[in-house]
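Notes follow once the structure below has been shown.
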Amino acid sequence: MYDERALVARLEPLDRRAKTAFAAACAQRLLPLFERYARVVGATAHAHRLAEILAAAWDVSSGRVIDVQSIYYEVESMSPKDYEGEWVMESGYGENAAAAVAYAIRTWLTDDPQEAAWAAFQMYEVAEYAATQAYAKVDPRLNITDDMVVGSEIAKAALLAIEEDLGVVASAPPCWLELRQRAEAEGLAWAATFP
C-alpha cells in the first residue's frame, strides 16, 4: 500500500536537492504518459514544454542555478483539466504527469517533503488508473475492487519504483544522472504497457 505518512517521514531528513531529485524521478516516469495524452489531443507543444520544465527540476537538484519560480506557474496551467478539448481516457495520465512535474518544482521552491510525497502519489495514482482501465478492457461489466487495483502488477511496480528511488536519493550519490536515466527508461516501458 502507498503510505504517504511513512514516505514523508523518510523524505524529511533529506536535503532539498535529494527531495527534488526524488520528485523529479517520479515525474520522469510519467512524462511518456503525458506525451501520449498530448498526441491524442494534439498538444505536442505542451509535452515538449513539460519535458523542458522537468529538465529544469533535474538541473536545480544537481546544483544548477535556475529561476524555477517563473516556470512553476506555467506548469500549473498544463493540466488536462485546463485544456479546452474534450476529456479522453489519456487525460487521466496527462493530469497526473503534469501534477508530478509541478510537485517536483514545488519541492525545490519549498523544500517541503510533502510536495515530494505528492509527486510520488501521482505515480501511484496513475498506476491505479491504468489498472482500472486494464480490468475494464478485459470485462467492462467486471466489479473492480480496490484490492484488485492495489494488488495489480502496475500498482506493485509503482510502489517498487518509489521505494528504489527513495533508496537512491537517501544514499546521496554525487550525481542524479543514473536515477534520471533509470526513471526515463522505466517510464517508457510503463507507457508501452498501459492501456
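The values are calculated or read from the model by the stated rules, or taken from the named source; none is laboratory data. None of these values were measured; they are calculated from a predicted model. Positions of Cβ are generated from backbone atoms using ideal geometry, with glycine treated the same way; all protein chains shown enter the neighbour counts. Just the protein is used for accessible areas: all its heavy atoms, side chains included, with ligands, DNA and RNA removed. Shrake-Rupley method; radii C 1.70, N 1.55, O 1.52, S 1.80 Å.
Things worth noting here:
- Hits in the stretch 108-127 (condition: crowded, with 24+ Cβ neighbours inside 10 Å and of a type in the set (A, V, I, L, M, F, W, C)): 108, 116, 117, 119, 120, 123, 126, 127
- Residues being touching a Cys at 6+ places or on another chain (Cβ under 9 Å) and of a type in the set (A, V, I, L, M) - total across the stretch 113-138: 4
- Among the residues of the stretch 51-91, those identified as aromatic (Phe, Trp, Tyr) and at pLDDT 85 or above are 58, 72.
- Residue in the stretch 77-96 that is in contact with a Pro (Cβ under 6 Å, 6 or more places away or on another chain), on the phi < 0 side of the Ramachandran plot and crowded, with 23+ Cβ neighbours inside 10 Å present: yes
- The set of residues in the stretch 54-65 being buried (at least 21 other Cβ atoms within 10 Å of the Cβ) and not polar (S, T, N, Q) consists of 54, 56, 57, 58, 60.
- Check on residue 3, at pLDDT below 95 and exposed (fewer than 14 other Cβ atoms within 10 Å of the Cβ): yes
- Of all residues in the stretch 7-60 being touching a residue at least 12 places away in the same chain (Cβ under 8 Å) and among the basic types (Lys, Arg), the one that is farthest from residue 159 (Cα to Cα): 49
- Only residues that are assigned to a loop (DSSP other than H, G, I, E, B) and either surrounded by 11 or more Cβ atoms within 10 Å (Cβ to Cβ) or at pLDDT 90 or above (or both) were counted in the stretch 145-174, giving 5.
- Of the set (1) within 23 Å of residue 124 (Cα to Cα); (2) in contact with a Gly (Cβ under 9 Å, 6 or more places away or on another chain); (3) surrounded by fewer than 20 Cβ atoms within 10 Å (Cβ to Cβ); (4) not basic (Lys, Arg), all apply to residue 42 but (1).
- Residue that is most open to solvent (accessible area, probe 1.4 Å), among those in the stretch 175-185 that are hydrophobic (A, V, I, L, M, F, W, C) and part of a helix (DSSP H, G or I): 177
- Yes/no for residue 101 being of a type outside the set (Phe, Trp, Tyr) and at pLDDT 95 or above: yes
- Among the conditions (1) crowded, with 23+ Cβ neighbours inside 10 Å; (2) of a type outside the set (Val, Ile, Thr); (3) part of a loop (DSSP other than H, G, I, E, B), residue 13 misses just one, which is (1).
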